[in-house]
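We did not get these values from a lab; they are worked out from the coordinates using the rules stated. Keep in mind the model is a prediction, meaning the values are calculated, not measured. Cβ sites come from the backbone with ideal geometry, for glycine too, and all protein chains shown count toward neighbours.
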Amino acid sequence: MRLTLRAQIVLVALVLAVIPLVGYVHVKQMERLLRDGQEQALLATARAIATALHDRPQLLDLRAGQPASGEMELVLQSLARAESRIWIVDRQGRLLALAGDLKKRADEPPRDALAAMVHPVAMLVLERPTEDFDDSLPEAEIAGSAVVASALAGVPARRWRRSPDSRAVILSASHPVWTGDEVMAAVVAEETTNATRSAYNRAMEQVVGVTLVAFLAGALALLAFASRLSGRLARLRDEAEAAIDSQGRVRHLIAGSTARDEIGDLSRSFSTVLGRLAEYNRYLEAMGGRLSHELRTPIAVVRSSLENLRLQPLPADAGVYLGRANDGLRRLDTILTRMSEATRLEAVVRSQPRERFDAREVVRGCTYAYPQRRFDLDVPPEAVWLRGAPDLYAQMLDKLVANAVDFATGDEPIRVRLEARSGEGILTVSNRGPRLPESMAGKLFDSMVSVRAGGASGEPHLGLGLYIARLIAEFHGGAVQALDREDGSGVVMRVRCPLAD
C-alpha cells in the first residue's frame, strides 16, 4: 500500500529528527563509559603503586617519612599512566613523593574529512579542552583532601575537582598503602579529563557531520519530492486547461492517474467530473436540434390552421387577432430557424474543409439588404489571402453588419474595412452608436447573450449572431473582439485572422 503525501512527509521529518537524537544519545553513553573507564583505570594505577610499595617497603622509610632516592621515582614513573600525576602522602599529611605531569599529552588523532569540515563550527558550541591551566598542587589537597582522608582511613576513593584556575577538570583516585594491618600512606593518582573531552568532541563532530549530511540528503529528498509534486500538479493543471476549449466544451477527458495518493485521487475526480460534464454538454448541444425538429410539426399545423381560418368568413374584428397570430408564428419560426442555423454551423465548423481564398473578393461580394443604411467599403489593392471557407467568412461578415445596423444611430455610414498588417488579415466593422456596456465585457460573443430588446428589423434576437461570428473567426484561426471607438462615438468589431502562406 502506497503512503499518502502527508505520511511520506511525516516519515521524512521523523527520520531527520531521529538521526541527531540517536547520535546524541550514543555520544552521551560513550562519554559516560569513557568517564567510568578513566576512573577505573586511574584507581587501578593507584592500587598498583600501593601494592608495589607494600611488597617493597625498603623503597619508603615510612617511619622517617623520607622517600627513597631514585628507585622510588622510577617505580612511580613505570606504573603511572600517561598524562597523570602521582603523589604520596603519609599519615601526618606530608608529601613524600611526586611524579608525572598533568599537561603531558599525546598528539590528537587526525580527524576524518567530515569531522574536519564541521570542526570550526562545532568548536563554537562545544567546550574545548585546553592545556593552558594551573596544574599546581595546593596544600589543601595534600593535607585535607577528601580522597586522601578516605585512603588513610583504608578506603579507596575517587573525586572530580577543578584546577585552581577552573580551566580544567581533574580526576583524583586514591588507594591506601598497607603495612600489615595499618595504613601508613595514601597513593593519589591524578589526571585531567582533557582526553575524554577531546574524544567526546570528536564524536560530537562526527554526529554533527552525519546530521548535516542527513539534513542535506533530506533537503534534497524533499526538494525532489516537492519538484515531483509540483510537476504532477502542473501536468494536471495543463490537462485540465486543455480538456475544455474557450466555449466551455470538453475536448478530451483527463486520463485518471493510477497513483494511490491525494493527487491521484484528484486526477481521477477531475476525469470523472469532465466525463459527466461532456455528457451534459452533448445533451445541451443536441437539445437545440431536437427542439427545432420537434417544434416544426406543431408550427406547420398551426400555420395550416391559420391559412384555412383565413379562407373562412370571420367577424370584422377577428382579422386583428388573426394578424397577431401570424406575427407570433412568424417570430417563432424565425427563432427555430436561427437555433437550427447555430446548431448546423457548429457541426459544419468541425468538419468544413479549408481552402485558400482572397478575403477582398468575399467582402466585395457581400450585399447588404439594409436600404435605410449607407455603407463605406475599404479594401486594399493587394490580395488578402486567408485559409478557411469563404462562405463562412461571408456569413461572419453578415452577422457583424447586422449587429452594426441594429445599434447604429445617425446618418453616418457603417464602415467595413479590410487590411493586411503584421501577418494578419484584419476586418473591422464600425458604426456610430452607444458604447459597449461594461457589464457585458467578455460576454458579448457567448451563446444566447444579447443586450438589445429588438433590432431595426423587429425580428427576435437570441444572442446567436456574435456567437456565430466568433465560431467562424476561430475556425479561421483568428479571434474577434468588440471595442469602443477611440472618440467614444460608437463601436468597432474587429476580426484578426492569420494570413495564408
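In a shell of Cβ-Cβ distance under 10 Å around residue 426, excluding residue 426 itself, what net charge do Lys and Arg (+1) and Asp and Glu (-1) give? Charge balance near residue 426 sits at +2. Highest mean packing first, where packing is the average number of other Cβ atoms within 10 Å per residue, the peptides 317-328, 89-100 line up as 89-100, 317-328. Excluding residue 394 itself, what net charge comes from residues whose Cβ is under 13 Å from its Cβ, given Lys and Arg +1 and Asp and Glu -1? With Lys, Arg at +1 and Asp, Glu at -1, the neighbours total -1. Taking Cβ atoms as reference points and 14 Å as the exclusive limit, the residues near residue 275 contribute a net charge of +3, counting Lys and Arg as +1 and Asp and Glu as -1. Indicate the gyration tensor shape class of the stretch 120-225 (rounded, prolate or oblate), computed on the Cα atoms with a ≥ b ≥ c the square roots of the eigenvalues: a/c under 1.5 is rounded; otherwise a/b larger than b/c is prolate and the rest oblate. Since a/c reaches 1.5 and a/b is larger than b/c, the shape of the stretch 120-225 is classed as prolate.
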